[in-house]
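Every number here is computed from the coordinates shown, using simple stated rules; none is lab data. As the structure is a prediction and not an experimental result, all values here were calculated from the model. Don't worry about glycine lacking a Cβ; one is built from the backbone with ideal geometry, like all the others, and counts go over all protein chains shown.
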Amino acid sequence: MSKLISHIVVGLALLMLTFTSCKKEEFGPQCKNCGENAITPSIQNDVIIVNEGNFGFGNATLTLYNSTDKNVHNGIFQQANNYPLGDVAQSAYYFNEKIVVVVNNSNKIEIIDKANFTSIATITGFDSPRYFCPINSSTAYVSNLFSNKIDIVNLMNNTISGSITTNSNWTEEMLVYNDTAYVCDMSNNKLVLINTTNHQIIDNISVGIQPNSLVLDKNNNIWIMCDGGFNEANAQLIKFNPNLRTIEQSLVFGNINHSPSDLIIDNSKENLYFINNHIFKMNINHTSLPTSNWVSNNGEVFYSLGIHPTTQEIYVADAKDFVQNSTISVYKNNQQLSHQFQSGINSGHILFLP
Amino acid sequence: MKLISVIFTLFIVQTTFGQLLNDTIKFEPFVIEELAVSATYKTTNLDAVTTKSVENLAQLLQENSTVFIKSYGSGSLASVSFRGTGAGHTRVLWNGVSLNSPMNGQIDFSLYPTPFFDKVELHYGASGLIDGNGALGGSVNLQNSLPNFNDSTKSVKLNYNYSIGSFNKQIHSGKVSYLGTNNWFYETRILHSEAENDLVYHNFAKKENPEERQQNAALKQYGFQQAIYKKFKNQTVGIRFWYFNSDRNLPSTMLVAKNDETQQDESFRLLVNTTGFKNKFSYKISTALIHDNLIYTNKLIDVNSKNNSLLIDNHVDVNYFINDKITFLNKVNVRHEQAIADGYNNEHKRFNNSWLTGFSGNFKRLNWTVFNRMTIVDDFFKPIAPSVSLGYQLPKLESVTLKAAAGINHNYPTFNDLYWTPGGNPNLKPEEAKMSEAGLKYQKAFGKTTITTENTFFFAHVSNWILWQPSGGNIWSPTNLKKVENKGFESTLTIKYKLNKVDLSIRGNYAYTISKNIELPKNTDNALNKQLIYVPQHQFNSSLNLSYKNTSLSYGYQYTSLRYISTDNNWYLPANYISNVSISQDVKLKTTTFNLRFQINNLFNQTYQSIAWRPMPLRNYMLTLALNL
């Protein structure tokens, strides 16, 4: 009998040993397909996919894509810097030959070297930063969620130099035209106009419910996408004349459940693209919304949209179930699918490098 | 005559061990005592001794079972899941009353300090069917023992514990009981605990991984429980009131620089019950009132959210002993659920009623239970949810019992699923689990050594699994999206050895769990047949206890394999291995016993996370002084 016991004890001890001996130094979340191979510096590295990750999971990543040789590198920020990008990467920009990434829930902006993706500076102290908009070569505005201000960032010393108080607690996308910044105010359904020389609010223009994105066309009209909120009102695509400060055209979406987003414009500044479950394309001279889609989602969950400045190809992300890697599909100008690749979790923004 | 003696035995057992009488799981061992066959379902019992040595329910289960604990850190939210199901698929019952919030269907296990109950029983898979709707994974039964009216040793008993530990932790708890004349019994329990939880960790989310101290994690809890019992000839009536208050700051993940969140929880729980028997009937009737308040604040974004819920839960359980072989089981539960939250447009109410009826009995070496649970919740009427369990003691090898069980259970959508604004989906269907298990139990004593082992294979299908996902415009909304298959194996082994004044016990628990999506929309193929997130494939824990005279030494070890945190299994949290060690010394002075206990948690100073980017404590210490008289 004692033999049996000793066998069992030895067995248990061995079992514990096998569990302890295969230890590897891994701390925190690990990504299998990130940093698989070394990043090859190349001027053809022309696309950065900003992967939000999941709120609280800290799995925001940057995916680098080379549209010529189609090489993909996932998790380049962690690979280059040995620490993660942060929690919920919201948007990214190319400015002063550097990559600027707004990391929403980590309350920071990372300024990243274009060649090797190392962090040059980290700007901290934001509340809940969303979008970044340079107003000159040394200053930018940063919009905020849950905060009634636009932060003013000094890009010479990478600090927050001041702020503009708004009466909004959710400002979204911005653009600058003729010394005026046009800011989407999601909470008040307004377009906020700010004088970029003295940082004073000039005007608040009522638009549709929840303006989320805006672009400037070749006639210097601003197109604003208003998603209509959660069944609050019908979504609208608004054409705004910034010189006269008047709404020239309001195109109302027919279905209250529609929630269009991601309004972008091509290089010629003539054709608008946006996501409304599917991808839609619309010429700026049209006076009604497109009735049929440009590319159908075919069961996919379109989450972000981009247009390549030179190839004019359309990049669209499928976020799937939001808890796994997205797939990026690249469509040619003739609506044909040209290529697909995997990026990170919740690819919410697509940045093209010159 | 034999029947009467069975009933009498039952009654004695009942008065000694608590609310066991009408609970068939525990009921069976006593009914079929003569046949020496034990329970046919997989259960785990954690007794008073085990529950005493830990702070809260989460830690208790972590160290003693293979259910999976997801913890946000020391003192923070902890949820429990069984066999690869979700946290909302675990029922928690207090003396038979389900405490799960009607709002999110869950329980925060960090709000259940162990001094408030005497015994915990885990019912895995199909064995949780007896506990009501929603236990798709299993259930955790918190029990207060019924008083022992025959105790003639002392009429007043007092127990006081004081613990002091790392992170400025201080816990006071006490219990006084008084057995009066004429079979009156009074009992009071109190608890006060606080901690800064300002633990130090390496921040792997920052350049150079600096050492940081956790901010905004302080915690304060207090509460009391009062019980009064009166025993009549064939009946015991009891009333128990439990107040609990928790106020804590919510720390952020390592990646968030700014945060100022707090959560206050307040619970009022009142339970009145009576148990007894008459002729061939035994009964348990109870009514409970459970009122929970939760206030969440986030000063940075100016959020102050209030949530209120009320449960009125009534049980009438009557068993009829047809003969000494067969018992007729009957359990009626009328439950009113009501809640209001800032996230709802108005207050929501519903009845969540069920009626269980069945038979349990024994035939030679076969021990069996069959029942059906009928449920009516709002507009849903599910007349059929059957369950069957069998146990068979081998004729030649009496130490071996073969067992098998199967059943169906439903989990109704919570108020948040149905009514949260925006996003709630009033068209949700109940989740349905079809569960089965089979295995064997072996127990034998060899001289001074006793060996017990139980090995169970389980298989379950959960359909209409409710999943929240962003829909149009970034609004999250739930749908009956997933179909999940859970299967695996659970094994426990206990060896006890006794020689003179030396007691040695070795215990090991192992669980292997495969939990995967078997049906998903076309574009999410990468998640098909992949392990669900936050379900470890392997879990193992063991403990070694050695005691000599009044001194005891124990060592515990817990292994959790990697947990995937993305549905395509591309992201994961690495495995962790935690060891705890403690030494305890009793000093007896006449009628008073002092106990001094010193415990080292995370002995080998392992850095690990239970949830992504939430630091878990490194090596930490706790000293407890207990006084019993």
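Observations on the structure shown:
- Label-point gap, in nm, between B:A257 and A:K70 - each point 7 angstrom along Cα→Cβ: 4.1 nm
- Dipole moment magnitude, nearest 20 debye, chain B about Cα centre, only Lys, Arg, Asp, Glu C-beta charged: 1820 debye
- Each Cα pair under 8 Å and six or more residues apart adds its separation to the average, and for chain B the resulting relative contact order is 11 percent.
- If R0 is taken as 51 Å, the Cβ-Cβ distance between B:Q585 and A:N231 corresponds to a FRET efficiency of 0.20.
- Taking A:E173, B:E485, B:E337 and counting other C-beta atoms within 10 Å, the order from fewest to most: B:E485, A:E173, B:E337
- Peptide B:602-613 is shielded by partner chain Cβ atoms: per residue, an average of 3 of them sit within 10 Å of its Cβ.
- Counting Cβ atoms of other protein chains within 10 Å of each Cβ in B:200-211 and taking the mean gives 3.
- Each label point was placed 7 Å from the Cα along the Cα-to-Cβ direction; for A:I201 and B:T181 their separation is 7.8 nm.
- Under the convention that each Lys and Arg Cβ holds +1 and each Asp and Glu Cβ holds -1, the size of the dipole of the protein assembly as shown around its Cα centre is about 4520 debye.
- Ratio of Rg to Rh over the range B:207-359 (Cα coordinates, Kirkwood Rh, two decimals): 1.17
- The range A:233-238 - phi-based ³J(HN,Hα) in whole Hz, Karplus 6.51/-1.76/1.60, Gly and Pro as x: 7, 6, 5, 9, 10, 10
- Gyration tensor (alpha-carbon) shape descriptor, the range A:24-80, a/c threshold 1.5: oblate
- Chain A - percent relative contact order, Cα under 8 Å, separation 6 or more: 11 percent
- Oblate is the label for the range A:143-232. Its Cα gyration tensor axes, ordered a ≥ b ≥ c, give a/c of at least 1.5 and b/c at or above a/b.
- Here the range B:324-439 is treated with +1 on each Lys and Arg Cβ and -1 on each Asp and Glu Cβ, and its dipole about the Cα centre works out to around 700 debye.
- Shape call, chain B: gyration tensor on alpha carbons, a/c limit 1.5: rounded
- Using the Cα coordinates of the range A:154-293, the gyration tensor eigenvalues translate into equivalent-ellipsoid semi-axes of 26, 17, 14 Å, sorted from longest to shortest.
- Where Rh is the Kirkwood radius over Cα pairs, Rg/Rh for the protein assembly as shown: 1.01
- Looking at the range B:453-584, the pairs of alpha carbons with a distance over 19 Å make up 64% of the total.
- Summed residue charge, Cβ within 15 Å of B:L179's Cβ, Lys/Arg positive, Asp/Glu negative: +3
- Pairs of alpha carbons in the range B:498-546 separated by more than 15 Å make up 63% of all such pairs.
- FRET E, pair B:S505, B:K206, Förster distance 56 Å, beta-carbon r, rounded to 0.05: 0.80
- Fraction of beta bridges assigned by DSSP in chain B that are antiparallel (%, nearest 5): 100 percent
- Dipole orientation for the protein assembly as shown: of the candidates B:N425, B:N197, B:V318, B:V318 has the Cα lying most toward the positive pole (charges on Cβ; Lys, Arg +1; Asp, Glu -1).
- Taking the C-alpha atoms only, the angle from helix A:2-21 to the longest principal axis of chain A is near 30 degrees.
- With a threshold of 23 Å on the Cα-Cα distance, the over-threshold entries among B:K70/B:K284; B:K278/B:K331; A:K269/A:K332; B:K280/B:K396; B:K119/B:K588 are B:K70/B:K284; B:K280/B:K396; B:K119/B:K588.
- For a label point 7 Å along the Cα-to-beta-carbon line of A:W294, residues of the range A:248-270 with backbone N under 14 Å: A:261-270
- Ranking A:L289, B:Q606, A:Y94 by how far each Cα lies toward the positive end of the dipole of the protein assembly as shown (charges on Cβ) leaves B:Q606 at the top.
- Applying a length cut-off of 18 Å (Cα extent along the axis) and a mean Kyte-Doolittle floor of -1.0 to the DSSP H helices of chain B leaves B:2-17.
- Exposure proxy for A:T180, A:T166: other Cβ atoms within 10 Å of each Cβ, ordered fewest to most, give A:T180, A:T166.
- Between B:W476 and B:H172, the modelled label-to-label distance comes to 4.0 nm, taking each label 7 Å out from Cα in the direction of the beta carbon.
- Partner aspartates and glutamates for B:K382 [C-alpha distance under 16 Å; skip if fewer than 8 residues away on the same chain]: B:E431, B:E432
- Amide H to amide H, with H built 1.01 Å from N, A:K108 comes under 5 Å of A:V103, counting only residues 5 or more places away or on other chains.
- Selection from A:N154, A:L216, A:N178 lying farthest towards where the dipole of the range A:104-228 points positive, charges on Cβ: A:N154
- Relative contact order, percent, the range A:86-129 [alpha-carbon distance under 8 Å, six or more residues apart]: 31 percent
- Per residue of peptide A:221-233, the mean number of Cβ atoms on other chains within 10 Å of the residue Cβ is 2.
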